Every structure is written in structure tokens, then in C-alpha cells.
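Visitor: Can you read through this structure? Questions will come right after.
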Amino acid sequence: MKAIQRNTFIKRAALACGVLAACGTGAATLAANAAFAQSAPQGEIVIPDDVKIFGNDNPNMRRATAVVNGSVITGTDVDQRLALILAANQGKISEEEQKRLRLQVLRNLIDETLQIQEAKAVEVSVADAEVDQSYARVASQNFNQNTQAMDAYLKRVGSSPDSLKRQIRGELSWQRLLQRNVQPFINVSDDEVNEVIDRLKASKGTEEYRLGEIYLASTPESQQQVAANANQIMQQLRQGGSFVAYARQYSQASTASVGGDLGWVRLGQLPGEVSAAVRDMQPGQLAGPIEIPGGFDIVYLIDKRQVLTADPRDAVLALKQISLDFPKGISEAQANARAENFAKTMKTAKGCGDVEKVAATIGAQVVANDQVKARDLPGPIQASILNLSPGETLPPFGSLTEGVRILMLCGRDDPQVDSGPNFDQVMAQLEDDRVNKRAQMYLRDLRRDAVIEYN
């Protein structure tokens with residue numbers, strides 16, 4: 001099971017001693033400052049309650065370029081990476097949203113640069129041939145294209161092959177770096193694995209939810225702005241925006257790198273506010289923004305199931321579809337009458353073996369498919385068809401333009417009972433979770449030590 005991981009965010013402030021205030025250096029002053037630092041929520045970072053900002057330093061007015069430890073990130077780099085996100089969302093992103101997204105892309109490119117630099121510093125190399133191979137695989141699997149067609153597509157949407165290959169190089173470098181510097185030092189005991197397996201068996205039959213999340217951190221001071229950003233993201237998602245793309249660019253949880261996918265979780269593993277929302281959701285639904293301690297969550301229910309229980313929706317069905325076309329210009333009343341007569345006629349068929357003969361008497365067409373997964377059918381049909389016995393039919397459905405159709409169940413292969421993950425699978429999952437946590441700490445340290453110049 002993937003645990004929900006949250007990054008800890010601290011406030012940052014620049015404190016200076018100048019002509020406006022005297023800087024005490026006596027023992028009493030130092031002791032008082034030390035005592036205050038111990039009790040302050042920011043630790044040794046001291047931020048007064050009556051903060052006054054001196055000067056005008058609006059980060060939204062900066063150009064999206066930076067120099068990271070000597071490596072330049074240009075405006076073109078940002079534009080080309082942003083173009084990939086716009087293409088994934090079919091351009092349905094407002095100008096205001098694009099401005100916020102541009103800043104997030106810059107932050108991502110900075111992290112990517114730090115990862116590539118660290119890999120090079122410790123002599124972890126990624127060959128050009130490996131990058132090209134991964135690029136070809138992305139073109140084939142995600143776009144059903146060869147590399148030449150992929151090159152043309154990227155240029156057409158305003159990106160470039162080099163931009164995507166750089167992202168691939170960053171991911172490969174980071175993975176290889178973690179394999180060498182983190183994974184060898186991760187230990188999971190047999191007792192821990194057995195404890196997880198025992199808990200799974202004890203929870204047999206309880207519901208699990210596969211969730212996607214977009215987590216936005218906030219402080220009391222930034223809460224209003226973050227809430228507005230979350231509502232903007234929610235609006236874009238409802239208009240057809242890609243949840244995975246938004247999670248990758250906006251989410252501040254460790255799941256951002258996998259498009260926000262939390263994997264399978266139980267309600268008890270979720271914050272109470274999120275648990276209450278998810279309990280009544282159906283697969284494909286969105287909820288949020290949900291205020292939780294430390295920020296806001298937007299959640300997407302990918303699927304749900306029962307622990308160690310066979311899911312009826314994994315049944316493989318043998319179906320026959322009988323279709324009857326309507327003549328052009330038919331009225332709704334006439335279509336309803338024809339559909340009713342169609343249904344009565346098909347009920348006279350004695351099972352699937354008799355369908356073709358009965359359909360021929362009214363000019364209907366029959367097609368068959370014996371490899372249909374119940375979960376691949378539209379939601380309203382799934383539950384109904386799983387309650388049928390072989391030879392029974394669903395009520396007719398259709399439209400004035402497409403005619404009327406009936407589905408008949410001819411056979412069903414039920415899924416095997418899920419025995420759950422084995423010892424090795426649980427071990428691998430626990431190790432992955434710990435590697436991910438260490439990876440977040442590793443990247444945090446790289447950011448802290450980096451020399452970054454913004455233009």
C-alpha cells in the first residue's frame with residue numbers, strides 16, 4: 001500500500017540588522033533569542049507577527065529564466081515544456097492559468113537540472129542511445145507513432161524532441177542515482193512484510209480506493225491565494241483538462257512524479273476530510289478542493305474494489321448485439337413504438353443460438369464479441385448486465401439517429417478470487433515507499449545547496 005506522503009514547508013524570510021534597529025549582542029539578548037527560537041514554530045527562523053515587506057519584489061514579474069549552478073534554463077526551455085502541457089489539455093487553459101503554470105514549469109526544470117547535475121557529479125551516466133530508445137518507446141506507446149512522426153508532432157505543438165529527451169534524461173539520471181545512492185541502504189524486515197500481509201488478510205472484504213491527488217500546500221497567510229489556485233485547477237479539470245498533467249505540474253505531494261496516482265488505499269489511511277468525500281464517490285468523479293491540515297487536496301477516483309475479493313467487473317462476457325436502424329425523419333413516438341416491438345420480438349429468441357434467425361425476420365443486424373470485460377462497459381450498463389443469466393437481454397437503448405440496440409448475454413467467465421500480493425511484492429512496495437521518501441529528502445538537500453540566479 002502506498003502511504004500518503006507530505007512535504008513539510010517552512011516560511012522563509014530575510015532578516016537584516018541596519019540603521020532602522022539596533023542589534024543586541026549581549027549574553028542576555030542571545031539567550032533570549034535562543035529560547036524564542038526553540039519555542040517558535042519556525043525553529044531558529046524568527047518571523048515577527050507584524051511583518052512589513054520593504055521594496056517591491058513581485059516574483060510574477062520575473063522572466064522565466066534561471067541559472068542553476070552555472071547551467072542556463074532559457075525562456076525557450078520553459079515555452080517548449082509548457083507546450084507539452086497545453087497540447088495534453090488541448091489548449092483549454094486560460095492566460096492567467098498559463099502564467100501560474102509557467103512558474104511551476106520553471107521550478108520543475110530547476111529540479112530536473114539539479115538531478116542531472118548530481119548524477120554527473122557522482123559519475124552516474126545515461127548514454128544518448130538509452131535516451132533515444134526511451135524516446136522511441138514513448139512515441140510508440142503513448143502516441144502510436146514512429147520517432148519521425150513524433151518529431152513532427154512536437155514541433156507542430158510548439159515543443160521539440162530535445163525538450164522531451166531532456167526530460168527523459170532527467171528521469172533516467174534520477175532513477176539511476178537513487179538505485180546507486182539510496183536503494184542499497186533501504187532495509188525492510190521480514191516481520192514488517194508479514195505484518196502488512198496479516199493486515200491485508202484481516203481487512204478482507206473492506207473497500208479500497210485507487211485515487212489520484214493534487215495537493216497544494218498552504219500557510220495561514222497564503223491560504224486564500226492557494227484556495228483560489230485550487231479552484232482554478234478544479235475548473236480546468238471539469239472542462240476536460242488532464243488530471244495527470246496537472247498533478248505532475250502543480251501537486252506538491254511526492255506522487256506528482258507519477259501523475260498524482262496514490263495507488264490503492266483504504267479510507268482509514270486518508271485524512272478525515274478526504275475520506276468523507278471519497279466514501280460516496282464513483283469511479284471517474286472529482287472532488288475538491290478539500291481543505292486539510294497544511295493545504296488543499298483535489299482527488300480523482302480512478303477505481304474501487306474490495307480487499308482480497310474477486311471483482312465481478314473483471315468478468316469476461318460473451319455478448320451479442322442486435323441493432324435495428326430507424327428510417328430518416330422518424331418521430332420520437334414512432335421510434336418508441338418500433339423499439340417496443342423490437343424488444344418484444346427479440347424476447348421470442350430462445351437463447352443466443354436463435355438470435356440470428358429471429359433478428360432476420362425484422363431486418364435487424366447481429367454482431368458478437370466473446371471477450372468483453374464488464375468493467376469496460378459504460379457504468380449504467382455494468383451493474384445491469386452482471387445480473388443477467390445467459391440468454392437474457394438488457395432493455396433496448398439507442399437514439400433517433402443511431403437506431404435501437406439490444407445486448408444479449410451469451411456467456412460469462414467469472415474472475416478468480418484475488419489472493420492479494422505475495423511476500424516479494426509487498427517487500428518491493430515497502431522498499432519503493434522508503435526510496436521515495438529518501439528521494440524527497442535528497443532533492444530537498446540539492447535545492448538547499450544550489451546556487452540559483454533568476455533573470
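Visitor: What's the center-to-center distance, using Cα atoms, between region 253-316 and region 357-403 in Å?
Guide: Value for the Cα centre distance between the two parts: 31 Å.
Visitor: Let me ask something else about it. Once you have the alpha carbon radius of gyration of region 157-268, what is it after dividing by 2.2 N^0.38 Å, with N set to its residue count?
Guide: Working: Rg = 18.9 Å, N = 112, 2.2 N^0.38 = 13.2 Å.
In units of the 2.2 N^0.38 Å rule of thumb, it is 1.43.
Visitor: Excluding ARG180 itself, calculate the net charge of residues whose Cβ lies under 12 Å from the Cβ of ARG180, where each Lys or Arg counts +1 and each Asp or Glu counts -1. Mind showing how you got there, number by number?
Guide: Details: positive: ARG176; negative: GLU118, GLU123.
Local net charge: -1.
Visitor: What accessible area per residue, rounded to a whole number of Å², is obtained for region 209-353 using a probe radius of 1.4 Å? Please list the in-between numbers first.
Guide: Numbers: 6670 Å² over 145 residues.
Roughly 46 Å² per residue, with all protein chains present.
Visitor: Now, a different point. Return the tail of the calculated pair distribution for region 336-378, meaning the percent of Cα-Cα pairs more than 12 Å apart.
Guide: Numbers: 598 of 903 pairs.
So the portion of pairs separated by more than 12 Å is 66 percent.
Visitor: A further question follows. Quick one: order GLU208, GLU221 from most to least accessible surface, probe 1.4 Å. Kindly include the intermediate steps, with their values, before the conclusion.
Guide: Working: GLU208 5, GLU221 130 Å².
Reading off the accessible areas and sorting them downward yields GLU221, GLU208.
Visitor: Per Stokes-Einstein, at 37 °C and 0.692 mPa s, what whole-number D in µm² s⁻¹ belongs to region 106-145, with the Kirkwood radius over Cα pairs as the hydrodynamic radius? Don't skip to the end; give the middle numbers.
Guide: On the way: Rh = 11.8 Å.
So the translational diffusion coefficient is about 279 µm²/s.
Visitor: Now a separate question. Output the pairs from LYS320/LYS357; LYS204/LYS304; LYS201/LYS373; LYS165/LYS437; LYS120/LYS155 with a Cα-Cα distance over 23 Å in this structure; if there are none, say none.
Guide: On the way: LYS320/LYS357 13 Å; LYS204/LYS304 14 Å; LYS201/LYS373 27 Å; LYS165/LYS437 26 Å; LYS120/LYS155 29 Å.
As for pairs spanning more than 23 Å Cα to Cα, those are LYS201/LYS373; LYS165/LYS437; LYS120/LYS155.
Visitor: Compute the Rg to Rh ratio over region 227-285 from the alpha carbon atoms, using the Kirkwood formula for Rh, and round to two decimal places. Please list the in-between numbers first.
Guide: Working: Rg = 12.2 Å, Rh = 12.7 Å.
The Rg/Rh ratio comes out at 0.96.
Visitor: Could the peptides 105-113, 288-296 be put in order, highest first, of the mean number of other beta-carbon atoms found within 10 Å of their residues?
Guide: On the way: 105-113: 20.2, 288-296: 18.3.
Put in order of decreasing packing, that is 105-113, 288-296.
Visitor: Continuing with the same structure: Rank by packing, highest mean first: peptides 94-102, 324-332, with packing defined as the count of other Cβ atoms within 10 Å averaged across residues. It would help to have the intermediate numbers written out before the result.
Guide: Working: 94-102: 14.3, 324-332: 12.3.
Ranking, from highest mean packing down: 94-102, 324-332.
Visitor: Next up: Which of the three applies to region 83-188, rounded, prolate or oblate, going by the alpha-carbon gyration tensor with a ≥ b ≥ c and a/c under 1.5 meaning rounded?
Guide: Working: a/c = 2.33, a/b = 1.44, b/c = 1.61.
Oblate shape, in that a/c is at least 1.5 and b/c is the bigger or equal ratio.
The values are calculated or read from the model by the stated rules, or taken from the named source; none is laboratory data. Keep in mind that this is a model prediction, so the values were computed, not measured. Note that each Cβ is placed from the backbone with ideal geometry, even for glycine, and that neighbours are counted across all protein chains shown. In case anyone asks, the SASA skips ligands and DNA or RNA and just uses the protein heavy atoms, side chains included. Shrake-Rupley method; radii C 1.70, N 1.55, O 1.52, S 1.80 Å.
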